[in-house]
Structures are given as structure tokens and as C-alpha cells.
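One structure is given here, and the rest of the page talks about it.
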Protein chains: 2
Amino acid sequence: MKVRLITIGDEILIGQIVDTNSAYIAQHLNKIGLEVDEILSIKDDFQTIVETFERISKESDIIITTGGLGPTKDDKTKHALCEFLQTELVMDEAVLNFLEERYQKLNRPLNELNRNQALLPKGSIALPNPLGTAPGIWTEFDGKLIINLQGVPFEMKNLLKTEVIPRLQQKFSLPFVIHRFLSVSHFPESELAITLNDWEDHLPNNISVAYLPERSKVKLRLTGKGENKEQIKAQLEQEVQKLIPLLGERLDSTTKDSIAVILGDLLRELKLTISTAESCTGGEIASMLTSVSGSSEYFYGSVVSYATEVKKNVLNVSEKTIETHTVVSEEVAKEMAEGVRNLLKTELSVSTTGVAGPAKGEDGKEVGTVWVAFGNQEIVQTKSYFFPYLEREDFIAQVARLALQNVFEFVKEHYS
Amino acid sequence: MKVRLITIGDEILIGQIVDTNSAYIAQHLNKIGLEVDEILSIKDDFQTIVETFERISKESDIIITTGGLGPTKDDKTKHALCEFLQTELVMDEAVLNFLEERYQKLNRPLNELNRNQALLPKGSIALPNPLGTAPGIWTEFDGKLIINLQGVPFEMKNLLKTEVIPRLQQKFSLPFVIHRFLSVSHFPESELAITLNDWEDHLPNNISVAYLPERSKVKLRLTGKGENKEQIKAQLEQEVQKLIPLLGERLDSTTKDSIAVILGDLLRELKLTISTAESCTGGEIASMLTSVSGSSEYFYGSVVSYATEVKKNVLNVSEKTIETHTVVSEEVAKEMAEGVRNLLKTELSVSTTGVAGPAKGEDGKEVGTVWVAFGNQEIVQTKSYFFPYLEREDFIAQVARLALQNVFEFVKEHYS
């Protein structure tokens, strides 16, 4: 089954927005055993859309588009679909009724452009979209399927979950695709590949592996395919068991994905609590921790001490330490970690102070300099990093990840 | 000039990671007048990569790929490029020397897989990559250009800025593409389109407009193209001046993009300072504020009070208020905003308390319920929202945006 996703809209092609829709759709299709072969982003230009449909439809079974379903002149998906199908738009009375009711409730007139949202290609089915005005569109022709969804993520996501996925599962009998992730630290990718060479050569045909390098880590993704879900799971588990001795102590996790999840599981298991004191990361560590559902069990909170006054008045960092060592220093990082742990009454804490750039810090420290402190009441450890090449946003994300990674290693060393 | 980007790697197609590289590249190409026609994500499968090069090269002048340049078996870009070019890999001595020095410094042996990173297709040029091991690859053939870059974002970004962009500017004489953004609130997209219909019909040929709807906002993007940078800028300014009276009070900004930037500019101009007290947004508002370079001028910091104890002990929310109204309530939001403003000594503050889900809050409040409080010493206003359809991550992002939007409107109303 060949599946292709098409994102329609110039905003992706000029890099104004990042296409998060495709990853979301691919992930959810994957869960029901549909693999995406190709993702395309094209201009919202009538001719381009028609030509893309013509080219792609020959080599695809399912095409899912996002974007270009709105009411304005730059929304051309529906018209291009009609041209491609050599059909015309007809009024869908059910959608029109829905729109009339919706606008009545909103106490707004249903203008011509809104009415046109109820026009659908003849033979297509409307996928009800309670969160917006335009419906999704489901079109079957010549044994193929085209699905048009909204570009606005929350409308698209809801339509995908409530309409598209159930309909796809009903229409096709699908194989299972299951992934397992392993996370490895301090193992250079090429060295790892040599270590796993023999194992890789003996993998069953329906299991594949991919190396996903991050800075100090590599993630391994094992993918199994087949008709029998339990059997694939067992196969994957078998391979993971073979990998455990090969990876040794550098294996961080055999089940989960992000460091916030891995650390969260460990903290929950050990019944530990944590707080963060953030200067240069500006709340990103807190954000990462709270992005995990159920994190309130171990994450108490954070003080984002962007201003020096906040470091002094709220986190109790001493004036003298700042004067002697400047705000971006090992000593201040330590006092921040201690301060937040005392204030929020947690077992553990982690702090950051650094210069995210692009301008130098007040104290003249170079852009890319950062101190991280982490520990408990007995021990506070520190690490410094220097990432002069990273852009502000990447610097913040990288430091936040490393901060959590350090806490993870600290907990493994001192509590297990 | 036809430009295509190709992202190579299964991790995008299974939705494991979001393709942020393409947006970054597109944005930077755009700045030097190169427009991307299409973005493709394909499997890291040898045959697929070769076939894609064959198909795409016919209709493109510049192809930029990311991914698949690493040392492991699932990295196939270089080999596929050779197959497509009908050439062979040859050792690049300069790259090999660089690798030898690098590994000596790291005190690690240069293994076979690492040495292979210095192999390049015959006739290709290595783009030095000081942040990694594999170089980028620059290949010209038949008047076309193929550039292969890393998939790891920080390596790719550095190569793009230091090598690719300067070389492209040297090689081509490029037109200018300039964008202007306007941000409009509380103006439904279809109503806006009708209001602007006449204006849109009279746009010069080299200026186009796009509507980019968000929840309570629409962004308008004007794009101008031409040989004369100053002339395009003047044309765009002229169109913006025509739009100002048409959009009236609902126009938020004629220059900038995100609410964090717009609000930041306003706070800086009025010399106001702000702090945040975040429960359900878990530091996301602080993150958004600090994502803007220079935000330390107006953003003092934040207390992320995820645990109820932190709300009480640090933010001084009264036990009685929590008992009477529960933690997700208008009253608690107010006291949080007051608490953080007093603690961090800022003029303004904003707070959030709600249930991001997927599990219900401790006090049984429905998932998607949230209270936002914002104001200064004299006035604290509140708003409640209910977003039961949003996923955790989107809920947090949406509430954070709305929180800043409310502060923006508060400041406009009370300070200007």
C-alpha cells in the first residue's frame, strides 16, 4: 500500500512555518500499520496542485493532503481536486446546515465565502469538522483514495483521529508495524555500528534497524512488520535482549524516547522529586518535564531567574558570589540549585546559568558559555559547556536536554 | 531557478521527528532570493534515493538534500549520488587529514567507517564541516547543482551559513524576495478576505498575499519579488499603508511575527517589566518570552508552581482560597499573578492554572479547563478557556499564546 502525504501552502516552502502536520499524520498512520512512502510540500498554486495529483496518483494508493481548504483566494485544494477528477463542485446540504447553525450560534452572518465551504466535488464525502468551518474531504476513485484535511493543526488532528483513522481501519485490513527504541550514551555512531555489525547481519527479514545520532547519544530504532502483532513484539523483545549485553553500561533505555520521559520514569520509580532554577534556559527544562503527562508526581516546579535580582531575592544567591564570580559561573549555578531545592522543598534540583546569545552576557562572558548544577542536599555537581556555534533556540534546547541527562546520570549513580 | 529540498531518512516518514531542517533551509534561501518549489521527504533506501535524483534532476536547477551522510549502513545518500552520477567514490585527502587530526585530538582510533567519511564522488567538492565528521558535498553537473548536507540540525545549519549560502550567492545573480507580515485579531478569515477583496485585485503583479489563520488571529503575508530591493520594500510599504485603514483597530502589528516579539517590543518601548506564574503551562510562557533575544530587558523571571505546595509556599496563594475554590479557579489564578508580581518585583504579571490532560486534575476539573490572570498592581483581570479537543502539547502552547495575547491587550488598553 503506497501512501503519500502532500502539504499544500507556500508558508512551508518559504520556511515561515515548520510542517508538523506530516509527522503527526505519519505517526498515527504508522500505529495502524500504514507506512508513508513520501512526504511532499508544494505551493498553493492551482496548476501545481493539479499536476501533483496527476503524477502522484499513478504511484499511490492513498494520498492525504493538508492545507488549502480555507475560504480565501489562496485556498485552491478543492478546485484543483475537481479539475484533477474532471468533476464539478456541488452543494452538500448537510454541511450547509451545519454552517448555518454554527454561524447562527456565533451570531455572525453566513457570507458567500463561508457558504462555499459546503461545496464538495461530486461523489466526494464530507468529513465533519466540528472545530472549524470547512469539512475534510474523502474521495475514492479507480481503487484509490484521496483525503483532504485542514492545514490548521488542531482541526486536522481532530479530523484524523475521529474520522480518518477509523475509516481507514474499516476499509483496509492492515499489517502491523511496531517500533522499539533504545537509547545509548557516549557511544560514537561508527563505533556502535561496528559493535553491532554481526548482530545487524543476522536480523530477521521483517526487522530493520536505524541509527539516529544526537549529540552525545545515539538512538537505535528497531522496526518490525507482519500480520501477527504479538509475534512481532516477541521478535523485537528478542533482539533487544541480544542488544543489552552488546551495549553494556552505555545503554540508557530500552523502552522510551525522550530524556524527560526516561528521567521521569526513574524519578517516579525511586519516589524522588525535582525542581529547576533556570537562567539561560528560561523555563525550557520545566517545559520539557511538564510535557510528560503525570509529571506532577515528581516535578514540583521551577524558578526562572532571568534577572539577577531574582537570583538574589528569590533563589538566595549571595551578592558576594555574583560579584566575585559573575552570574555565569560554577558558584552561582551551585547556589541557584541549592536555592531552588530549599525553596521548593524537593529532593533533587538542577540549575542553568549561561549566555544564549546572540549578544554577549552582561558580564562579558562569551556566547555559548553555560554552567549546569545538579544534585541533592548532600552533593551538588556542576558541568560547564561551550556551544558557540549553536543558535539561540538550539542552544537553549541542547542545554535543557543535557541538564536532564546529567540529573539522570546523577540519580543512577547515587540512588540505584 | 527551480529549487528542491529532499529530506532523506525514515525517521521523518514514520513521524518520529519533525522535519525542521527544510524550514530552516527554505528560510535562508529565501533571504538570498531563492524560492523553494517543492520539499520532499523520502526513505533512506538506496533505490528510492537514486530514482528520486533521476526524476527530480530533470525539473530542478538546485537540489539540496539533508540526511544519510553518516557512517552507518542506513546512510546511503553518498552511494546513491554516485550511482546517479555514474561515478565512483574517491578519497579526499584534505578531508582524511582533517579526520585524522580530529580523532587524534579526541584520542580515539580512526576506524574504517570513519575513514570512509572522507570518500567523495569523483568531481564533487567537500564542504568542510568542523562540527562533525562527514563533510557536506557540492556537485555540479550538466548545469545543475546538487548539495548534500547533514541531517543533524546544528551541523547542517553551520554548513548552510558558512559554506552553502556564500557559494550560492557567488555562483548565481539572484532576484530579491521580501516578505512583510501583518497580524490581525478577531477578524474571521472569510470576513477579512471580503474586506480585502478589492485591494487584493489591484495588487501589482510582483506582489502576492497569503492568509495564515491561527485560532483568534490571521496573519497576512505580503511577498514582493524583483531586481531592486529598495523598490520592492517601498512597494510593500505602500501596500501596508493601504491595509492599515482597511484593518482598523483589529490590526495588531505591521512588522513582526510572534506574540512574544510583538509584546516584547511594546514592553521595551513602555519600559515595563513582566513575570509569570505558571501551573498548567509549566514554563512555556517563560520559554516563549526568553526565546526572543534581548528579553532580559523586560522579562525578570517566572515561578513554575506545578505542585500545590509551591503555589502556597512560594507564590503565597492562601490555603483557604484553594480549599474554597480548588486550584483550577479564577481566584487562585489571581493570587498566583499577584504573588509572582510581588515576589519578582515586576510591573506586570501573568499566571495560568488549568488541566492540560490527558488525566483529569486532582480537583476533578475537566481536561482543557484553564484560568489565566494578568495585570498590574491596580488591576488584575482574568479569562477562562475550555479546550477539550486539544492534545496536551497543543493545549499548553495555545494557553501560553493566549496568555501573552491577553497581556498585550491589557498593556495596549491601560498604558498607551
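The values are calculated or read from the model by the stated rules, or taken from the named source; none is laboratory data. Source: prediction; values computed, not measured. Cβ coordinates were reconstructed from backbone atoms using ideal geometry, including for glycine residues, and neighbour counts include every protein chain displayed.
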Checked B:45, B:19 against criteria (in contact with a strand residue (DSSP E or B) (Cβ under 7 Å, 6 or more places away or on another chain), within 29 Å of residue A:258 (Cα to Cα) and not hydrophobic (A, V, I, L, M, F, W, C)); the one match is B:19
So which residues in segment A:359-416 are modelled with pLDDT under 95 and of a type in the set (Asp, Glu), if there are any at all? A:362, A:363, A:366, A:391, A:393, A:394, A:409, A:413
For residues that are closer than 20 Å to residue A:333 by Cα and acidic (Asp, Glu), scanning just segment A:241-292, find the one that is farthest from the other protein chains (Cβ to nearest Cβ). A:278
I'd like the residue in segment A:23-35 that is outside any helix (DSSP H, G or I) and of a type in the set (A, V, I, L, M, F, W, C) and, out of all such residues, is nearest to residue A:73 (Cα to Cα). A:34
Can you tell me which residues in segment B:183-221 are among the hydrophobic types (A, V, I, L, M, F, W, C), touching a strand residue (DSSP E or B) at 6+ places or on another chain (Cβ under 7 Å) and more than 21 Å from residue A:152 (Cβ to Cβ)? B:203, B:207
Condition met for residue A:25 (in contact with a Ser or Thr (Cβ under 6 Å, 6 or more places away or on another chain), of a type in the set (A, V, I, L, M, F, W, C), within 11 Å of chain B (Cβ to nearest Cβ) and buried (at least 24 other Cβ atoms within 10 Å of the Cβ)): no
Subset of segment B:317-327 [modelled with pLDDT of 95 or more and within 36 Å of the chain's Cα centre (by Cα)]: B:317
Looking at (1) among the small types (Gly, Ala, Ser); (2) crowded, with 16+ Cβ neighbours inside 10 Å; (3) away from every other protein chain (no Cβ under 14 Å), which one does residue A:123 not meet, given that it meets all the others? (2)
The strands (runs of 3 or more DSSP E) lying wholly within segment A:61-166 that contain at least 3 residues that are in contact with a Gly (Cβ under 7 Å, 6 or more places away or on another chain) and free of Cβ contacts under 8 Å to residues at least 40 places away in the same chain are none
Does segment B:244-263 include one or more residues that are within 22 Å of residue A:309 (Cβ to Cβ), without any contact (Cβ under 8 Å) to a residue 40 or more places away in the chain and in the same structural domain as residue B:399 (by TED's automatic domain parsing)? no
Restricting the search to segment B:156-196, which residues are closer than 24 Å to residue B:225 by Cα and small (Gly, Ala, Ser)? B:173, B:183, B:193
I'd like to verify a number: residues in segment A:366-394 that are touching a strand residue (DSSP E or B) at 6+ places or on another chain (Cβ under 8 Å) and either of a type outside the set (Phe, Trp, Tyr) or farther than 15 Å from residue A:350 by Cβ (or both), how many? 15
Can you tell me which residue in segment A:12-22 is nearest to the other protein chains (Cβ to nearest Cβ), limited to those that are crowded, with 21+ Cβ neighbours inside 10 Å and in a helix (DSSP H, G or I)? A:13
Collect the residues in segment A:5-61 that are out of contact with any Asp or Glu (no Cβ under 6 Å at 6 or more places or on another chain) and β-branched (Val, Ile, Thr), keeping them in residue-number order. A:6, A:14, A:18, A:20, A:25, A:32, A:36, A:39, A:48, A:49, A:52, A:56
Of the conditions (1) over 25 Å from residue B:415 (Cβ atoms); (2) within 19 Å of the chain's Cα centre (by Cα); (3) not assigned by TED's automatic domain parsing to the domain that holds residue B:325, the single one that residue B:283 does not satisfy is (3)
Note on segment B:322-337: residues over 19 Å from residue A:302 (Cβ atoms) and among the acidic types (Asp, Glu) are B:323, B:330, B:331
Restricting attention to strands (runs of 3 or more DSSP E) lying wholly within segment B:188-270, give those where 1 or more residues are in contact with a Gly (Cβ under 7 Å, 6 or more places away or on another chain), modelled with pLDDT under 90 and closer than 21 Å to residue B:416 by Cα. none
Out of segment A:163-186, which residues are surrounded by 17 or more Cβ atoms within 10 Å (Cβ to Cβ) and more than 14 Å from residue A:221 (Cα to Cα)? A:163, A:164, A:165, A:168, A:175, A:176, A:185
Which numbered condition in (1) away from chain B (no Cβ under 11 Å); (2) within 17 Å of residue A:398 (Cβ to Cβ); (3) in contact with a Gly (Cβ under 6 Å, 6 or more places away or on another chain) is the only one that residue A:366 fails? (3)
Suppose the filter is closer than 30 Å to residue A:68 by Cβ, of a type in the set (Gly, Ala, Ser) and within 12 Å of chain A (Cβ to nearest Cβ); does residue B:208 pass it? yes
Residue that is nearest to the other protein chains (Cβ to nearest Cβ) [pool: residues in segment B:36-51 that are part of a helix (DSSP H, G or I) and surrounded by fewer than 22 Cβ atoms within 10 Å (Cβ to Cβ)]: B:48
Any hit, segment A:92-110, residues being surrounded by 17 or more Cβ atoms within 10 Å (Cβ to Cβ), of a type in the set (D, E, K, R) and more than 8 Å from chain B (Cβ to nearest Cβ): yes
Just checking, which of A:374, A:395 is in contact with a Phe, Trp or Tyr (Cβ under 6 Å, 6 or more places away or on another chain), farther than 29 Å from residue B:157 by Cα and among the hydrophobic types (A, V, I, L, M, F, W, C)? A:374
